[in-house]
1. If you go through segment 60-70 one residue at a time, do you hit one that is in a strand (DSSP E or B), under 10 Å from the mean Cα position of the chain (by Cα), exposed (fewer than 14 other Cβ atoms within 10 Å of the Cβ) and free of Cβ contacts under 8 Å to residues at least 60 places away in the same chain?
2. Please go through segment 1-13 and pick out each residue that is open to solvent by 40 Å² or more (accessible area, probe 1.4 Å) and of a type outside the set (Lys, Arg).
3. I need the full set of residues from segment 20-44 which are over 15 Å from LYS3 (Cα atoms) and either in a strand (DSSP E or B) or of a type in the set (Lys, Arg) (or both), in order please.
4. Only one of VAL45, VAL31 is among the aliphatic types (A, V, I, L, M), farther than 16 Å from LYS11 by Cβ, touching a residue at least 24 places away in the same chain (Cβ under 8 Å) and touching a Gly at 6+ places or on another chain (Cβ under 9 Å); which?
5. Suppose we filter segment 26-44 for residues that are hydroxyl-bearing (Ser, Thr, Tyr) and loosely packed, with under 10 Cβ neighbours inside 10 Å; how many remain?
6. How many of the residues in segment 13-28 are out of contact with any Pro (no Cβ under 7 Å at 6 or more places or on another chain) and over 15 Å from TYR67 (Cβ atoms)?
7. Quickly run through segment 45-59 and pick out the residues that are in a strand (DSSP E or B) and open to solvent by less than 90 Å² (accessible area, probe 1.4 Å).
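The values are calculated or read from the model by the stated rules, or taken from the named source; none is laboratory data. Everything numeric in this text was worked out from a predicted model, so none of it was measured. Every residue, glycine among them, receives a Cβ derived from its backbone with ideal geometry; neighbour counts consider all protein chains shown. Side chains included, ligands, DNA and RNA excluded: accessible areas come from the protein's heavy atoms. Shrake-Rupley method; radii C 1.70, N 1.55, O 1.52, S 1.80 Å.
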Amino acid sequence: MLKLGKYRHYKGKDYEVIGVAKLEETLEDMVVYRPLYKTEYDLLVRPLRVFTENVEINGKTVPRFEYIGE
């Protein structure tokens, strides 16, 4: 289960995970989160499998989103 709370994207911006929802058509788990910076979007969704995957940056593997606390 994904922890609720604040996460930092590998590019440096912070987000708050509100919960995990199901995509009605496929029942795929989707992370519901909100940006903690000024943006035109109030809420965003991303597939859980993508949210929790690792990415390679300059030859180093890092989490796409890293948990930073509540």
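1. The answer is yes, given that some residue of segment 60-70 is in a strand (DSSP E or B), under 10 Å from the mean Cα position of the chain (by Cα), exposed (fewer than 14 other Cβ atoms within 10 Å of the Cβ) and free of Cβ contacts under 8 Å to residues at least 60 places away in the same chain.
2. Pass one, segment 1-13, residues open to solvent by 40 Å² or more (accessible area, probe 1.4 Å): 1, 3-4, 6, 8, 10-13.
Within segment 1-13, MET1, LEU4, TYR10, GLY12 meet the criteria.
3. So the first thing to find is which residues in segment 20-44 are over 15 Å from LYS3 (Cα atoms), and the list is 22-28, 35-44.
Those that are over 15 Å from LYS3 (Cα atoms) and either in a strand (DSSP E or B) or of a type in the set (Lys, Arg) (or both): LYS22, PRO35, LYS38, LEU44.
4. Working: VAL45 fails: touching a Gly at 6+ places or on another chain (Cβ under 9 Å).
Of the residues listed, the single one that is among the aliphatic types (A, V, I, L, M), farther than 16 Å from LYS11 by Cβ, touching a residue at least 24 places away in the same chain (Cβ under 8 Å) and touching a Gly at 6+ places or on another chain (Cβ under 9 Å) is VAL31.
5. Here is the first cut: in segment 26-44, the ones hydroxyl-bearing (Ser, Thr, Tyr) are 26, 33, 37, 39, 41.
Then drop every residue that is not loosely packed, with under 10 Cβ neighbours inside 10 Å, which leaves 26, 37, 41.
Counting residues in segment 26-44 that are hydroxyl-bearing (Ser, Thr, Tyr) and loosely packed, with under 10 Cβ neighbours inside 10 Å gives 3.
6. Total meeting the criteria: 7.
7. We begin by selecting, within segment 45-59, every residue in a strand (DSSP E or B); these are 45-47, 54-57.
Result: ARG46, PRO47, VAL55, ILE57.
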